[in-house]
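All remarks here apply to the structure that follows.
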Amino acid sequence: CASKWARFEPRSLRPVVSASWKVSDSRQESSRRRGEPMATVRKGLPEVWTSGLAQYLCGESPCGWRFQFKAKHKTFEKVPSDFDSAGWKIKHTDALKVEAAALEANGWKCRIETYVRVTGKTGVLVGKIDIIAQKGGVTKVIDVKSGEPKDSHAVQVAIYLVALPMAWETPKLFV
């Protein structure tokens with residue numbers, strides 16, 4: 001791909017260019033100094049995001065405690081960062097639209113940024129698929145990334161491929 005953005009199709013198993021960032025925290029003082037708890041415990045089952053699960057499975061985020069903490073807490077203090085989250089989201093959305101337009105020009109029907117949620121006995125798997133494209137009974141899951149390729153990106157799309165039929169009664173999204 002000539003641009004900074006690349007697409008990932010699971011059949012090719014090419015690593016994608018990744019988007020990784022720190023979450024920005026605009027609060028001036030920490031919640032600990034204000035007497036608030038460091039984190040709010042999630043009610044119900046733990047929620048695991050596909051991106052975090054993929055990083056954990058690939059060893060890119062080997063800290064099991066971090067993974068469990070994020071699954072069991074809905075809010076927690078984040079590391080302050082100067083990362084431009086809004087700017088990145090705009091560029092990412094633009095890249096998704098370009099990719100979807102190219103697919104649609106070739107006869108694919110596309111859905112952009114589709115949330116999936118699969119509830120099991122001990123937890124909930126949550127994710128947001130960048131593009132789901134269908135044509136002639138074939139479904140493609142495409143995840144658009146920027147940055148350096150990582151093994152976890154291929155694993156993340158593989159998780160989506162397994163979760164998608166479980167998230168809906170039928171994986172046929174378009175009539």
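Would you mind counting up the charge near LEU96? Only other residues with Cβ under 9 Å from its Cβ, with Lys and Arg at +1 and Asp and Glu at -1. Charge balance in the 9 Å sphere: -3. A straight chain from ARG117 to PHE69 at 0.36 nm per residue would run longer than the Cα-Cα distance by 15.4 nm. Measuring between alpha carbons in the structure, the pairs from LYS91/LYS150; LYS97/LYS121; LYS43/LYS121 lying more than 25 angstrom apart are LYS97/LYS121.
Relative protection proxy for 113-121, 155-163, 53-61, from highest mean packing down: 155-163, 53-61, 113-121 (other beta-carbon atoms within 10 angstrom).
Heavy-atom accessible surface of ASP84, to the nearest 10 Å², is about 100 Å², with a 1.4 Å probe and all protein chains retained.
The values are calculated or read from the model by the stated rules, or taken from the named source; none is laboratory data. Fair warning: this is a prediction, and the values are worked out from it, not measured in the lab. With ideal geometry, Cβ positions are generated from the backbone for all residues, glycine too; neighbour counts draw on all protein chains shown. Heavy atoms of the whole protein, side chains included, go into the accessibility calculation; ligands, DNA and RNA do not. Shrake-Rupley method; radii C 1.70, N 1.55, O 1.52, S 1.80 Å.
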